[in-house]
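Engineer: Got a structure here, written out as structure tokens. Questions coming.
The values are calculated or read from the model by the stated rules, or taken from the named source; none is laboratory data. Owing to the predicted nature of the structure, the values given are computational and were not obtained by experimental measurement. All Cβ positions, glycine included, derive from the backbone under ideal geometry; neighbour counts span all protein chains shown.
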Amino acid sequence: MPIPTRAAYESLVYGLMDRYQEIAASTLRLYSTSALTAVVAGELLFHNGLKLRILEILDFKKGRIQNYSYAVYRGTDKIRLY
């Protein structure tokens, strides 16, 4: 399944807090690396104390996530890594 367009992905990234009440704060940002590629990086902090660190490398020409890393923390303890 291909990723959405850059505009749609940007809307998703910056609209997460509006769509999901579980998110207390977000530092997630989309950074352009070229006309057709971008990096999404930052953290989502949840009301239950969990933190999700996100790093995605996106290729909009190919319509896919080229690389990713997701880590879930409870306090300073890393409890999941994807």
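Engineer: Which residues, taken from region 57-82, are more than 16 Å from TYR31 (Cα to Cα), among the aromatic types (Phe, Trp, Tyr) and not in a loop (DSSP other than H, G, I, E, B)?
Structural biologist: The answer is TYR70, TYR73.
Engineer: Just to be sure I understand, how many residues within region 23-35 are at pLDDT below 95 and either of a type outside the set (S, T, N, Q) or in contact with a Phe, Trp or Tyr (Cβ under 6 Å, 6 or more places away or on another chain) (or both)?
Structural biologist: Adding up the residues that qualify gives 1.
Engineer: Now for a separate question. Do you know which of the residues in region 50-80 that are modelled with pLDDT of 95 or more and β-branched (Val, Ile, Thr) is farthest from the chain's Cα centre (by Cα)?
Structural biologist: The selected residue is ILE79.
Engineer: When you scan region 11-22, do you find a residue that is of a type in the set (Lys, Arg), surrounded by fewer than 15 Cβ atoms within 10 Å (Cβ to Cβ) and modelled with pLDDT of 95 or more, even just one?
Structural biologist: yes
Engineer: With the condition kept exactly as written, say whether any residue in region 2-18 is part of a strand (DSSP E or B) and of a type in the set (S, T, N, Q).
Structural biologist: no
Engineer: Next up: Kindly establish whether PHE60 is closer than 16 Å to GLU10 by Cβ, surrounded by 11 or more Cβ atoms within 10 Å (Cβ to Cβ) and among the aromatic types (Phe, Trp, Tyr).
Structural biologist: Criteria met by PHE60.
Engineer: A further question on this structure: Name the one entry in THR33, THR27 that is free of Cβ contacts under 8 Å to residues at least 60 places away in the same chain, under 14 Å from the mean Cα position of the chain (by Cα), within 23 Å of ALA7 (Cβ to Cβ) and exposed (fewer than 14 other Cβ atoms within 10 Å of the Cβ).
Structural biologist: It is THR27.
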